[in-house]
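The values are calculated or read from the model by the stated rules, or taken from the named source; none is laboratory data. No experiment lies behind these values; they were computed from the predicted model shown. Cβ sites come from the backbone with ideal geometry, for glycine too, and all protein chains shown count toward neighbours. Note: areas computed on protein heavy atoms with side chains; ligands, DNA, RNA excluded. Shrake-Rupley method; radii C 1.70, N 1.55, O 1.52, S 1.80 Å.
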Amino acid sequence: MTHDHAHEETGTRRLALALALILALMAGELVFGAIAGSLALLADAGHMLTDAAALGLALGAAAFAGRPARGRWTFGFRRLEILAAHVNGITLLVVGVVIVYTAVRRLVDPPDVRGGLVLAVALAGVAVNLVATALLARQSRESLNVRGAFLHLATDLAAFAGTAVAGGLILATGWDRFDPIASLVVAALIFWSSWVLLRESTRILLEASPEGAEPGEVAEAMLDVPRVVEVHDLHVWTVGSGFPSLSAHVLVEPGADCHGIRMQLASLLADRFELSHSTLQVEHASPTVLEGGRLPLVSRRAR
């Protein structure tokens, strides 16, 4: 078993364990939220339903992403992780809108809320979400797919903390509007998490260059390699989490060692820009190029 395969299996197990924790907590929160008449708890339960869906989606995407490339799927199923993250970002946005709408209605006409029960359930939610987020914290830094599920859990953790504060304030003051106010704070956190996730997943789906590999800087670094004359048709994108890629057409001086320069460029890209998957077409430049002719979309080193 390779290290990468072992890492993927560990990530899948952690996602499955986090999913089991969230499902158990969601069931309890629905029951006690209805008994307490708390919108904050019911909003959290609704959010946790999306958490469960997010974790299930992330779990399925992680399982498929580990499958090898075959047939027409030349990159395998790595992009499924990004699609799952994008869907999770959209569900966060929808849940936030629903919570805002319901909270505004309850601010206008607040129902009676049992603050003590709200506080107890919210504290249990904080404990469970602390465990679940701790399970996914490390993988969330390496996989956008897991990060989507992690952001769902992180916003739930903050939501439970806010709900616990609201429950305590209701007990102390008897003012039931603290409950929908806490819901609005939850919604703000959800919108922020959704924006972060959608921004990053959209960049990957539109094949923008990854952070730290700006195409202009990459081209300049390649042109600094001795005997490289031209770099054009340069594309830098991300296939899936941890899989940035590059392709380029490189022209070198007549008589230069194309194979040796290609190896040198591949090493440069991997070491400096973490672009370990590069496809380089290296050829000798024609006299027209060396005499000052210009190819379209070319970066040129001054001679």
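List every residue pair whose Cβ atoms sit under 6 Å apart, with the two residues 6 or more apart in sequence or on different chains, where the first one lies in segment 245-272 and is more than 16 Å from ASP233 (Cα to Cα) and the second, anywhere, is surrounded by fewer than 17 Cβ atoms within 10 Å (Cβ to Cβ) and polar (S, T, N, Q).
Close Cβ pairs satisfying both conditions: ALA270/SER276.
For segment 235-253, enumerate the residues that are over 14 Å from the mean Cα position of the chain (by Cα) and not in a strand (DSSP E or B). Walk me through how you get there before you give the answer.
So in segment 235-253, the residues over 14 Å from the mean Cα position of the chain (by Cα) come out as 235-237, 244-253.
Result: GLU253, single match.
Listed here are the residues, each with its yes/no results for (1) surrounded by 24 or more Cβ atoms within 10 Å (Cβ to Cβ); (2) among the aliphatic types (A, V, I, L, M).
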position: VAL121; (1), (2): yes, yes
position: ALA124; (1), (2): no, yes
position: VAL128; (1), (2): no, yes
position: GLU142; (1), (2): no, no
position: VAL165; (1), (2): no, yes
position: GLY174; (1), (2): no, no
position: VAL186; (1), (2): yes, yes
position: LEU198; (1), (2): no, yes
position: ILE204; (1), (2): no, yes
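Take the residues in segment 10-31 that are crowded, with 19+ Cβ neighbours inside 10 Å and charged (D, E, K, R), then tell me which one is nearest to ALA149 (Cα to Cα).
So the residue we want is ARG14.
Name the pairs whose Cβ atoms lie under 6 Å apart, with the first residue in segment 77-98 and of a type in the set (Asp, Glu), the second in a helix (DSSP H, G or I), and 6 or more positions between them or separate chains?
Listed pairs, sorted by first residue: GLU81/ALA61; GLU81/ALA65; GLU81/ASN145.
For segment 147-156, does any single residue satisfy the condition of being of a type outside the set (Phe, Trp, Tyr), under 30 Å from PRO110 (Cα atoms), open to solvent by 50 Å² or more (accessible area, probe 1.4 Å) and in contact (Cβ under 8 Å) with a residue 12 or more places away in the chain?
no
Just one of LEU117, LEU136 is in contact with a Phe, Trp or Tyr (Cβ under 7 Å, 6 or more places away or on another chain) and open to solvent by 20 Å² or more (accessible area, probe 1.4 Å); which is it?
On the way: LEU136 fails: open to solvent by 20 Å² or more (accessible area, probe 1.4 Å).
The unique qualifying residue is LEU117.
Test ARG199 against the stated conditions and say whether it is in a helix (DSSP H, G or I), among the basic types (Lys, Arg) and out of contact with any Asp or Glu (no Cβ under 9 Å at 6 or more places or on another chain).
Values: in a helix (DSSP H, G or I): yes; among the basic types (Lys, Arg): yes; out of contact with any Asp or Glu (no Cβ under 9 Å at 6 or more places or on another chain): yes.
It is true that ARG199 is in a helix (DSSP H, G or I), among the basic types (Lys, Arg) and out of contact with any Asp or Glu (no Cβ under 9 Å at 6 or more places or on another chain).
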